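I have placed the structure first, in the form of structure tokens, so that the comments after it can refer back to it.
The values are calculated or read from the model by the stated rules, or taken from the named source; none is laboratory data. Every value quoted in this text rests on a predicted model; they were computed, and no experiment measured them. No Cβ is skipped: glycine too gets one built from the backbone with ideal geometry, and neighbour counts run over all protein chains shown. To get the accessible areas, we keep the full protein, side chains included, count just its heavy atoms, and leave off ligands, DNA and RNA. Shrake-Rupley method; radii C 1.70, N 1.55, O 1.52, S 1.80 Å.
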Amino acid sequence: MEAGTLKLEDIKDRIQNLTPEEAAEEIKAGGDFVLLDPREPHEYAEAHLEGATLVPPSEVAARIDEVAPDPHQRLLVYCRTGNRSARAVHQLQEEFGYDNIANVAGGIVEWQE
């Protein structure tokens, strides 16, 4: 089922959500992961997580093979508040078969708090 036909609450129930603290621990531990930021360039310029790859929302589907070619590699996705990233995580799971992917709930807003 496409992300556009589900309510955001339903999408969030179908994906793995990490708190900013859990995501920070995972990032600090290192390893082979991709940190994906599906926001607009001006938002990324205002604030972003170190090491994140910016892929605007309209480009996620077209560029995911370039950014994270292995659908089994760990992928952490965040946005401003966790909503766009939740939709991106759901789309990547459902349409592209990514199976080791998580949304940073609350996004960079909660991360900064």
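Using the Karplus curve 6.51 cos²θ - 1.76 cosθ + 1.60 with θ = phi - 60°, what ³J(HN,Hα) values do you get for each residue of segment 100-113, in whole Hz, with x for Gly and Pro?
In residue order, the calculated couplings are 9, 10, 9, 9, 8, 5, x, x, 5, 4, 5, 4, 5, 6 Hz.
Taking the Cβ of S58 as the centre, find all other residues whose Cβ is under 13 Å away and add up their charges (Lys, Arg: +1; Asp, Glu: -1).
So the surrounding residues net to +2.
Where is the GNM fluctuation largest for the chain (alpha-carbon springs, 10 angstrom cutoff): E25, E46, E94?
E46
What part of the accessible area of segment 8-113, given as a whole %, is carbon or sulfur when the probe is 1.4 angstrom?
Details: 2480 of 5510 Å².
The C+S portion of the solvent-accessible surface of segment 8-113 is 45 percent.
Of the labelled options [x] 35, 20, 14; [y] 30, 20, 11; [z] 18, 16, 15, which one gives semi-axes √(5λ) of the Cα gyration tensor in Å as computed for this structure?
Answer label, from the structure shown: [z].
Whole number in Å², please: accessible area per residue of the chain, 1.4 Å probe, ligands, DNA and RNA not counted.
54
Taking 0.36 nm per intervening residue step and subtracting the Cα-Cα distance, what contour gain separates R63 from N100 on full extension?
Extending this stretch completely gives an extra 11.5 nm.
List the residues whose amide H sits under 5 Å from the amide H of N17, counting only those 5 or more places along or on another chain, with H placed 1.01 Å from N in the peptide plane.
Counting only residues 5 or more places away or on other chains, the set is N103.
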